[in-house]
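Each remark here refers to the structure printed beneath this line.
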Amino acid sequence: MIPLEPRINRTDMIHCALCWDAPCSGACPKLTPASLLRSIWFSNEQTAAQRLPEENPCLTCDAPCERACVRPGEVPIRDLVSRLYYQVKSDCETRLPAHEDRLKCELCGVGLENPFLLSSSVVASTYDMCARAFEAGWAGACFKTICTLDIHEASPRFSAITGSDGGIIGFKNIEQLSDHSVAENMEVFRRLKKNYPTKFILASIMGQNEAEWGELARLCEENGADAVELNFSCPNMAEGGLGSDIGQVPELVERFTAAAKRTCRIPVLAKLTPNVAAMSPAAEAARRGGADGIAAINTIKSIVGINPHTYVSAPAVHGHSAVGGYSGNAVKPIALRFIAELGQNPALRGMHLSAMGGVETWRDALEFILLGAGSIQVTTAVMQYGYRIIDDLKDGLNLYLAEKGFSSVGEAMGHALDSISASTDTLERDTIIFPQFHAERCIGCGRCQISCDDGGHQAIRLDEDRRPRLNGKSCVGCHLCILVCPQRAITPGIKRIRR
């Protein structure tokens, strides 16, 4: 069974740079360490373990991979591979599927090889980029938003918040729409459809009035697009009455959706903004306008990183900055909340949900599928790690579906919706679940006591051996200690009914 917590995770390989054309693989005559490390990074250690040969070649090897590493000696490659053999491989209950048929699905009746698409952004903005993504295994791409506006981008236009491992947690952009002409983009569609007829082309468009929305939708259909995505959600538009300004007004969503539907026969999705209290009003308006599906979420309006010396936020453009769109893994909880709202709305039943917002791993994607999404779009993770992440997205999801006995992505859709409530008032409140301490993992750091003292209910004390002891009379079962433990040495334990 795929464990809730991976046996090996990112902290075990925190110094790995996830290199292009990784020297470690070039130095190893028996394995491809780079792909194994990448699978660990993307929560896919079970598929990595099952790709290994029967015998562990690292046992008789002096680790030239570690010496060839761009950070020589800093990544314990030999140890990580051995742990795949002895901690993970023996526990793999489900064999790797021999094919990817389970991943086949559809978007508004059009077949997809798998549920993974590039989302509308710089990662899908030219023929060559989309072609490389298709060759890598992506099922399709939502092309960068096409418009008739004269687009000139700022420099720089990206900034980020990073974690202790150097990876991007949250990402801000002030980028706008495609800077290629409509005619140039139509030529890209024709070439892509000719050379990659089985790949899905989702054309993102933005018009300035009803006539323009309709004309762009018509042109996209005529030039090979499989569906149209109406960008009612970009937060970075310089001119008023565009992007998220539309998505915040249900009447405009309905009017412009209807305008696009009048001129094309292919499916139409409305891409909605998260910069609202609730997404259902705009989604229901899109359905009234004839939309076949909803795409969500676009980026969240944000300000990132005020410089304490210049007093300018990032990215700084000649001493100024602007509110921009926030994305990355940090926004996933917000995106999941909106997808759950749409998935639970009976007025939207039957509409396709194409979800995005913080997807990096197959587990991230699965969470959206379990809330009702039928396809998954990705940008920020591709910007950070490249198109190659599709391998682990597909492998991990395929193994999960096989393990659970699902024959398709569709069978997994929506299983989590019944567990979600919009209010905490419905939750059971008569049971306390105490924490359980695992001495063999505990290092005696005392983080649990600090957090319980200063952020909890003063229920934990370290004994003379620096091991935590619980005062059951004070503990309320909040589980703050579980979250802060750096060793994962605390887990949920026994239950007690309140008296």
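The values are calculated or read from the model by the stated rules, or taken from the named source; none is laboratory data. Just so it is clear, the structure is predicted and the values come from calculations on it, not from any experiment. We place every Cβ from the backbone using ideal geometry, glycine too, and count neighbours over all the protein chains shown.
The table below lists the values:
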{"read-out": "Cβ-Cβ under 7 Å pairs, at least 6 apart or on other chains, segment 201-224 side farther than 27 Å from Ala139 by Cα, far side surrounded by fewer than 18 Cβ atoms within 10 Å (Cβ to Cβ) and modelled with pLDDT of 95 or more", "value": "Glu210/Arg255"}
{"read-out": "Within segment 93-107, considering residues that are over 20 Å from the mean Cα position of the chain (by Cα) and of a type in the set (Asp, Glu), the one modelled with the lowest pLDDT", "value": "Glu93"}
{"read-out": "Single match in Leu202, Leu242, Leu219 (criterion: farther than 28 Å from Glu113 by Cα and either among the hydrophobic types (A, V, I, L, M, F, W, C) or in contact with a strand residue (DSSP E or B) (Cβ under 6 Å, 6 or more places away or on another chain) (or both))", "value": "Leu242"}
{"read-out": "Test result for Ile169, among the β-branched types (Val, Ile, Thr), assigned by TED's automatic domain parsing to the domain that holds Ala402 and crowded, with 20+ Cβ neighbours inside 10 Å", "value": "no"}
{"read-out": "Residues that are of a type in the set (Gly, Ala, Ser) and more than 17 Å from Gly140 (Cβ to Cβ), drawn from segment 359-393", "value": "Gly372, Gly386"}
{"read-out": "Residue match in segment 173-188 (condition: surrounded by fewer than 19 Cβ atoms within 10 Å (Cβ to Cβ), within 28 Å of Gln384 (Cβ to Cβ) and modelled with pLDDT under 95)", "value": "yes"}
{"read-out": "Per-region count, segment 226-249, residues crowded, with 20+ Cβ neighbours inside 10 Å and not aliphatic (A, V, I, L, M)", "value": "11"}
{"read-out": "Residue that is farthest from Ala330 (Cα to Cα) [pool: residues in segment 128-165 that are without any contact (Cβ under 8 Å) to a residue 60 or more places away in the chain and assigned to a loop (DSSP other than H, G, I, E, B)]", "value": "Asp150"}
{"read-out": "Selection from segment 14-34 of residues that are surrounded by fewer than 17 Cβ atoms within 10 Å (Cβ to Cβ) and modelled with pLDDT of 95 or more", "value": "Cys19, Trp20, Asp21, Gly26, Ala27, Thr32"}
{"read-out": "Among residues of segment 183-239, those that are among the small types (Gly, Ala, Ser) and assigned to a strand (DSSP E or B), counted", "value": "3"}
{"read-out": "Scan of segment 373-399 for residues that are in contact with a helix residue (DSSP H, G or I) (Cβ under 7 Å, 6 or more places away or on another chain), touching a residue at least 60 places away in the same chain (Cβ under 8 Å), in a helix (DSSP H, G or I) and surrounded by 21 or more Cβ atoms within 10 Å (Cβ to Cβ), ordered by number", "value": "Val382, Ile389, Asp392, Leu393, Lys394, Asp395, Gly396, Leu397, Asn398, Leu399"}
{"read-out": "One residue from Ser233, Ser178 being farther than 17 Å from Ala296 by Cα, in the same structural domain as Ile266 (by TED's automatic domain parsing) and of a type outside the set (Lys, Arg)", "value": "Ser178"}
{"read-out": "Qualifying residue in segment 206-225 (condition: in the same structural domain as Phe134 (by TED's automatic domain parsing), crowded, with 17+ Cβ neighbours inside 10 Å and more than 20 Å from Leu149 (Cβ to Cβ))", "value": "yes"}
{"read-out": "Selected residue (only one of Ala277, Ala295, Ala291 is of a type in the set (A, V, I, L, M, F, W, C), surrounded by fewer than 24 Cβ atoms within 10 Å (Cβ to Cβ), outside any helix (DSSP H, G or I) and modelled with pLDDT of 95 or more)", "value": "Ala277"}
{"read-out": "Residue list for segment 317-372, filter: free of Cβ contacts under 8 Å to residues at least 40 places away in the same chain, at negative phi, assigned to a loop (DSSP other than H, G, I, E, B) and touching a helix residue (DSSP H, G or I) at 6+ places or on another chain (Cβ under 7 Å)", "value": "Val359"}
{"read-out": "Test set (1) modelled with pLDDT of 95 or more; (2) not assigned by TED's automatic domain parsing to the domain that holds Phe171 - Arg441 fails condition number", "value": "(1)"}
